[in-house]
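Derivation of every value follows stated rules applied to the coordinates shown; laboratory data play no part. Small disclaimer: the values here were computed from a predicted structure and weren't measured. When we count neighbours, we look across all protein chains shown, and the Cβ atoms used for this are built from the backbone with ideal geometry, even at glycine.
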Amino acid sequence: MRPTKYGVVVVVEREGRFLVIRRAASVIAPNAWCFVGGAIEAGESEADAVVREFREEVGGQVRPLHREWEHVSDDGRLHLAWWRAELVGGELRANPHEVAEFCWCPPQEIVGLPDLLPSNREYLTTVLGLASPSAPSPDASGTPGA
């Protein structure tokens, strides 16, 4: 039986856009789009993991603001704590061992990315209240898919 893993996801917003990364080809979920995040190390607080993971993946400095949401995988073996954080300094540079690229995107664009990790899409639809791209959109009459 695999052990339960605990991680953090770092949600940083600037002028209505969120920082998302495309994961490197050599990591778990290669080439997928997601928010910055990773495992909580032994003895580390969630807030400390937010700061460390952000620095390791994109080189900037953040200040954790608050825990916003939690996602637990269907099998219960992965627990992700979603944190809002404020960018407070440092030049952003993708760590090529973990991140292929990053960008600032409006949430409506992020939710529609085809390679977005499912928990990230769930965050956007559940916490931010965005419509899932698979949901039919209303036409001019207000009838979905008509």
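GNM on the chain, alpha-carbon springs under 10 angstrom: the most fluctuating residue among L128, L92, L19 is L128.
Within the shell defined by Cβ-Cβ distances under 14 Å, the residues around R2 carry a net charge of 0, with Lys and Arg each +1 and Asp and Glu each -1.
Stokes-Einstein, applied to the Kirkwood radius of the chain over Cα pairs at a viscosity of 1.306 mPa s and 10 °C, places its translational diffusion at 99 µm² s⁻¹. Between the stretch 1-20 and the stretch 27-84, the C-alpha centres lie 4 angstrom from each other.
Each of C103 and E13 was given a label point 7 Å from its Cα along the Cα-to-Cβ line. The distance between the two points is 2.0 nm.
Of all beta bridges that DSSP places with both ends in the chain, some 75 percent have antiparallel geometry.
When the trypsin sites (Lys or Arg not before Pro) in the stretch 1-61 are filtered for DSSP coil states and for at most 13 other beta-carbon atoms within 10 Å of their beta-carbon, no site remains. Label zone of E68 (point 7 Å out along Cα→Cβ, amide N under 16 Å): in the stretch 25-62 this covers 34-38, 47, 50-51, 54, 62.
Secondary-structure-derived ellipticity at 222 nm for the chain, considering helices only, amounts to -5000 deg cm²/dmol, per-run term -39500 (n - 2.57) for DSSP H runs with n ≥ 4. Quarter the surface of the alpha carbon convex hull of the stretch 61-135 and you get the mean projected area, 6.4 square nanometres.
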